[in-house]
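The values are calculated or read from the model by the stated rules, or taken from the named source; none is laboratory data. The structure displayed is predicted, hence computed values, not measured ones. Here the Cβ positions follow ideal geometry from the backbone for every residue, glycine too, while neighbour counts run over all protein chains shown. Calculation scope for accessible area: heavy atoms of the full protein, side chains included, ligands and nucleic acids excluded. Shrake-Rupley method; radii C 1.70, N 1.55, O 1.52, S 1.80 Å.
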Amino acid sequence: MEIRSLENISFDALFEGFSYAFSDYEIHFDKSEVQSMLKRRGYVPKLSFAAFEGGKIVAFTLNGIGMFKGIQTAYDTGTGTVKEYRGCGLAGEIFRYSLPFLRQAGIRQYLLEVLQNNHKAITLYRRMQFDTTIEFDCFKQSIVNIDNIHSVNKCANLRIGLIDVDTVRQAQTFCDFYPSWQNSIESIERGASDLTCIGAFDLYELIGFSVFDRKSGDLTQIAVKEEYRRQGVASQLLCEVIRQMCTDFVKVINVPSDNLSLPAFLKSRNIPLMNKQFEMVMDLTRISK
């Protein structure tokens with residue numbers, strides 16, 4: 001067995017290992033979904049690593065690379081181990097192997113998200129000197145069970161239309177919190193071709209917007225300018241999101257647990273809490289080499 005970079009590994013070989021590692025999970029992915037996910041999360045093959053045996057991937061960590069809150073960051077885009085090789089510590093070995101390469105590339109911190117009920121993983125990460133930075137709430141609901149979406153009061157002059165990513169970037173001031181890695185404006189820019197961006201206009205003024213993935217059901221961002229809230233703008237945006245979704249559900253992930261406005265809106269539409277996550281960060285500048 002050897003650990004090495006994924007720089008010269010074809011996507012087909014990577015997808016084969018990815019599929020095998022998650023074959024006993026309830027959720028399954030097709031190639032286009034995985035390609036879209038990797039693009040949005042900033043996957044860099046040269047700084048991603050896997051354990052190989054007999055030329056086959058048996059464990060891997062796929063790293064996204066980019067700026068996050070002004071810091072050059074590596075993000076755990078996906079970590080998996082083939083069932084027969086679990087419990088051997090391969091994930092930890094791959095991570096430790098990757099650290100010198102990440103530091104050499106100027107990466108200053110390593111970022112990941114973990115379900116709060118995954119106590120074993122959380123204990124491991126803390127031993128590895130990861131610190132918990134944010135608690136996230138995640139929401140999900142089938143579209144047929146979302147409440148009263150068509151019966152909201154409509155603003156007389158409100159118009160919903162497509163907008164571009166540059167407009168979304170300018171409208172980030174509407175948001176109450178800094179988005180997580182996979183919901184960030186950088187992620188939206190990377191995955192723009194797979195996302196739909198819509199704006200709510202009062203005559204010619206942009207007063208709200210939403211970004212979503214029609215194929216995955218992911219509602220990436222939804223926000224309304226503060227002085228226009230509680231006037232049905234977010235509900236009309238959500239109504240248009242639902243109309244365009246190809247899935248039978250909507251999910252909103254990684255809302256900071258201390259945020260009040262977005263969870264209140266989601267719960268008012270019967271989009272309940274699905275699970276909770278921790279964002280955890282390792283400062284690579286203070287970890288011994």
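Quick rundown of the values:
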{"quantity": "Filter pass, Asp166 being assigned to a loop (DSSP other than H, G, I, E, B), of a type in the set (D, E, K, R) and either exposed (fewer than 14 other Cβ atoms within 10 Å of the Cβ) or touching a residue at least 12 places away in the same chain (Cβ under 8 Å) (or both)", "calculated": "no"}
{"quantity": "Filter pass, Tyr75 being over 21 Å from Trp181 (Cα atoms) and either out of contact with any Asp or Glu (no Cβ under 7 Å at 6 or more places or on another chain) or outside any helix (DSSP H, G or I) (or both)", "calculated": "no"}
{"quantity": "Unique match (being under 21 Å from Gln170 (Cβ atoms) and surrounded by fewer than 21 Cβ atoms within 10 Å (Cβ to Cβ)) among Glu279, Glu227", "calculated": "Glu227"}
{"quantity": "Subset of segment 25-66 (residues that are charged (D, E, K, R), modelled with pLDDT under 95 and more than 14 Å from the chain's Cα centre (by Cα))", "calculated": "Glu26, Asp30, Lys31, Glu53, Lys56"}
{"quantity": "Every residue from segment 233-289 that is more than 19 Å from the chain's Cα centre (by Cα), outside any helix (DSSP H, G or I) and aliphatic (A, V, I, L, M)", "calculated": "Leu260, Leu284, Ile287"}
{"quantity": "Test result for Asp176, within 18 Å of Ile253 (Cα to Cα) and part of a loop (DSSP other than H, G, I, E, B)", "calculated": "yes"}
{"quantity": "Hits in segment 250-272 - residues which are surrounded by fewer than 17 Cβ atoms within 10 Å (Cβ to Cβ), farther than 20 Å from Tyr178 by Cα and not polar (S, T, N, Q)", "calculated": "Lys267, Pro272"}
{"quantity": "Long-range neighbours under 8 Å by Cβ, at least six apart or interchain, first residue more than 21 Å from Ser184 (Cα to Cα) and touching a residue at least 40 places away in the same chain (Cβ under 8 Å) within segment 267-283, second part of a loop (DSSP other than H, G, I, E, B) and open to solvent by less than 30 Å² (accessible area, probe 1.4 Å)", "calculated": "Arg269/Ile146; Arg269/Ile149; Asn270/Ile146; Ile271/Ile146"}
{"quantity": "Scan of segment 47-71 for residues that are part of a loop (DSSP other than H, G, I, E, B) and within 18 Å of Gln109 (Cβ to Cβ), ordered by number", "calculated": "Ser48, Lys69, Gly70"}
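Condition check ((1) among the small types (Gly, Ala, Ser); (2) within 22 Å of Leu38 (Cα to Cα); (3) in contact with a His (Cβ under 8 Å, 6 or more places away or on another chain)) across all residues:
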site: Trp181; (1), (2), (3): no, yes, no
site: Gly191; (1), (2), (3): yes, yes, no
site: Asp194; (1), (2), (3): no, yes, no
site: Ala223; (1), (2), (3): yes, no, no
site: Arg230; (1), (2), (3): no, no, no
site: Met245; (1), (2), (3): no, yes, no
site: Ile253; (1), (2), (3): no, yes, no
site: Pro256; (1), (2), (3): no, no, no
site: Leu266; (1), (2), (3): no, no, no
